[in-house]
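The values are calculated or read from the model by the stated rules, or taken from the named source; none is laboratory data. None of these values were measured; they are calculated from a predicted model. Using ideal geometry, Cβ is built from the backbone for each residue, glycine included, and neighbour counts are taken over all protein chains shown.
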Ligand code: 5AD
Ligand code: SF4
C-alpha cells in the first residue's frame with residue numbers, strides 16, 4: 001500500500017529546456033498542494049520528467065525505474081514528459097510499481113491524477129495527443145532569480161524523419177501573445193532580467209492562430225516594450241522559418257540577444273532531403289549569409305546529427321565543411337539514434353558505431369578549435385555581461401555575454417542582475433576572464 005499523505009516530492013528532469021520548464025510548472029502545482037522538496041531517497045512522491053529524443057536518454061530512466069522496483073519503498077512514482085507519450089500505459093506492464101504516467105500535454109492534470117492515485121490506489125495515465133491551452137503558466141516555481149524560461153509554442157509540425165518530438169509533443173499550438181506578455185511583465189516585476197522564449201520551433205509562432213495577427217517577430221517587438229527586460233533569447237528555430245523580418249528584429253531590438261540557434265543537422269543536400277529538413281545545403285548557406293549581412297555581430301548555434309542512415313564519409317565531410325564555413329559559436333553534436341515510430345526507422349541504421357564516433361569526434365575537435373580561435377580574438381574586446389551569480393571560486397562574479405559566452409570578472413555582489421561592460425583579459429578553459437569597465 002502506497003502512502004496516502006504526500007508531504008514531500010523529488011523531481012529528476014531529463015532532456016531539453018522545455019522539460020525543465022514543465023518541471024518548474026509541476027513543482028508550482030505541488031507547492032500549491034503543500035508539498036516541499038526533499039531528497040530522492042526520502043521523498044513521498046518521485047517524478048521522472050523524461051526525454052525520448054535519443055535511446056540513451058530513455059535507457060537511463062528505464063534503468064532507474066527498474067532499480068526502484070527492486071528497492072520496494074512505498075513512494076508514489078510517476079513518469080511524465082516525452083517517454084510517457086512514447087510508451088504510454090505499456091510502462092505499467094514493465095514497471096508494476098509505477099503509479100502514474102502523465103503526458104506532455106496533460107501536466108495541468110497533475111493535481112487530479114495524484115488525487116486519483118491516492119484515493120483509488122490504481123495506476124493512472126493521461127496522455128492526450130493535443131495540448132489544450134488550459135495550463136497555468138504563472139504557477140511555475142523557478143529557482144534562478146535572474147533568468148527565466150517562458151513557453152510560447154508547444155509541439156512541432158515539421159516531422160523530420162529521425163525525430164520523435166512531433167509524436168511526443170503533438171502538433172504546434174501557440175500561446176496567446178497577451179498571456180506571454182503578461183507572464184514576462186510579471187517576471188520583470190519580480191526582478192527577472194533575461195527571458196528565454198521556448199518552443200520546439202519558435203519561428204512558427206502564431207502561424208496556427210492567424211486571427212492574432214502576431215508572428216514571432218511581432219511578439220519580439222511587443223516584448224521589447226517591457227521596461228526593465230534587458231535580454232530576450234529564444235530556442236529553438238527551424239532555418240526554413242527564419243524570415244527577414246525576424247532578422248531585422250534581432251538587429252534592431254535592444255533586448256534581443258544576437259545568438260541565433262540555426263540547426264543545420266547535416267551538410268549534404270541528399271541527407272537533408274532524407275531527413276525531411278525541407279532545405280538544401282545551398283539554401284541554408286544563403287540564409288546564413290543573409291543573416292550575417294543583416295545582423296553583422298550575429299553568433300550562430302547548431303545541432304548536428306552524424307551517421308544518419310546511408311550517410312557516406314564524403315557526405316559527412318560536407319557537414320564538416322559547413323561547420324568550418326559557418327564557424328558556429330555553439331554546437332550540440334549527436335550520433336544518430338533510431339527512434340521507434342519515426343519514418344527513419346524504415347531505413348537500416350547502417351553507419352557503424354565506430355564510424356559514428358569517428359565523425360562525432362572529428363566535429364568535436366573542429367568545434368573546440370574554432371571556439372579557441374574565437375576566444376583568442378576576444379582578448380581586449382569589450383562585451384556586455386549580465387552578472388548572474390557568484391562564481392564557484394567565490395572571488396569572481398559569473399555571467400554570460402549576449403552571445404552566450406561564459407565570463408567571470410571581479411565585481412561587487414550587489415551588481416548581480418546588472419548588465420555591465422567587461423573588457424576581456426584572458427580565459428580559463430571555455431570561460432572568459434575580464435574586468436568591469438563601467
Ligand atoms: N538521433 C540523434 N539526434 C537526434 N536529434 C533528434 N532526434 C535525434 C535522433 N533520432 C537531435 C537533433 C535535434 C536535437 C534536439 O536532437 O539534432 O535538433
Ligand atoms: Fe524534431 Fe525537426 Fe521538429 Fe526539431 S523541427 S523538433 S528536429 S521534428
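Observations
- Conditions (1) away from ligand 1 (no atom under 16 Å from the Cβ); (2) within 27 Å of residue 405 (Cβ to Cβ); (3) buried (at least 20 other Cβ atoms within 10 Å of the Cβ); number of the one not met by residue 206: (2)
- Lone unmet requirement of (1) within 16 Å of ligand 1 (Cβ to nearest atom); (2) surrounded by fewer than 18 Cβ atoms within 10 Å (Cβ to Cβ) for residue 112: (1)
- Residue list for segment 158-187, restricted to those being more than 16 Å from ligand 1 (Cβ to nearest atom), in a helix (DSSP H, G or I) and under 20 Å from the mean Cα position of the chain (by Cα): 180, 183, 184, 187
- Meets criteria (within 16 Å of ligand 2 (Cβ to nearest atom) and surrounded by 21 or more Cβ atoms within 10 Å (Cβ to Cβ)) for residue 284: yes
- For segment 131-157, a residue qualifies if it is part of a helix (DSSP H, G or I) and touching a strand residue (DSSP E or B) at 6+ places or on another chain (Cβ under 9 Å), and exactly one does: 137.
- Boolean, residue 228 is assigned by TED's automatic domain parsing to the domain that holds residue 154, assigned to a loop (DSSP other than H, G, I, E, B) and more than 20 Å from the chain's Cα centre (by Cα): yes
- Only helices (runs of 4 or more DSSP H) whose full extent lies in segment 28-129 are considered here, and the ones with at least 3 residues that are farther than 15 Å from residue 6 by Cα are 55-71, 82-87, 90-94.
- Subset of segment 244-279 [within 16 Å of ligand 2 (Cβ to nearest atom), assigned to a loop (DSSP other than H, G, I, E, B) and surrounded by fewer than 18 Cβ atoms within 10 Å (Cβ to Cβ)]: 276, 278
- Taking residues in segment 165-177 that are assigned by TED's automatic domain parsing to the domain that holds residue 207 and more than 17 Å from residue 57 (Cα to Cα), and partners anywhere that are more than 16 Å from ligand 1 (Cβ to nearest atom) and assigned to a helix (DSSP H, G or I), the pairs with Cβ atoms closer than 7 Å and at least 6 places apart or on different chains are 176/212; 177/212; 177/219; 177/222.
- Residue check for residue 366: assigned by TED's automatic domain parsing to the domain that holds residue 260, in contact with a helix residue (DSSP H, G or I) (Cβ under 9 Å, 6 or more places away or on another chain) and in a helix (DSSP H, G or I): yes
- Criterion: in the same structural domain as residue 160 (by TED's automatic domain parsing), closer than 18 Å to residue 150 by Cβ and more than 14 Å from ligand 1 (Cβ to nearest atom) - qualifying residue of 251, 233, 270: 233
- Residue list for segment 175-225, filter: in contact with a helix residue (DSSP H, G or I) (Cβ under 7 Å, 6 or more places away or on another chain), within 16 Å of ligand 2 (Cβ to nearest atom) and closer than 19 Å to residue 147 by Cα: 198, 202
- Filter result for residue 24 (touching a strand residue (DSSP E or B) at 6+ places or on another chain (Cβ under 8 Å), more than 16 Å from ligand 2 (Cβ to nearest atom) and not in a helix (DSSP H, G or I)): no
- Residue 374 surrounded by fewer than 13 Cβ atoms within 10 Å (Cβ to Cβ) and touching a residue at least 12 places away in the same chain (Cβ under 8 Å): no
- Residue match in segment 378-386 (condition: assigned to a loop (DSSP other than H, G, I, E, B) and farther than 27 Å from residue 323 by Cα): no
- Enumeration of residues in segment 44-55 that are under 15 Å from residue 339 (Cα atoms) and more than 17 Å from the chain's Cα centre (by Cα): 55
- Beta carbons closer than 8 Å, at least 6 apart along the sequence or on distinct chains, never pair a first residue in segment 386-408 that is closer than 11 Å to residue 146 by Cβ and in the same structural domain as residue 255 (by TED's automatic domain parsing) with a second that is crowded, with 17+ Cβ neighbours inside 10 Å and at pLDDT 95 or above.
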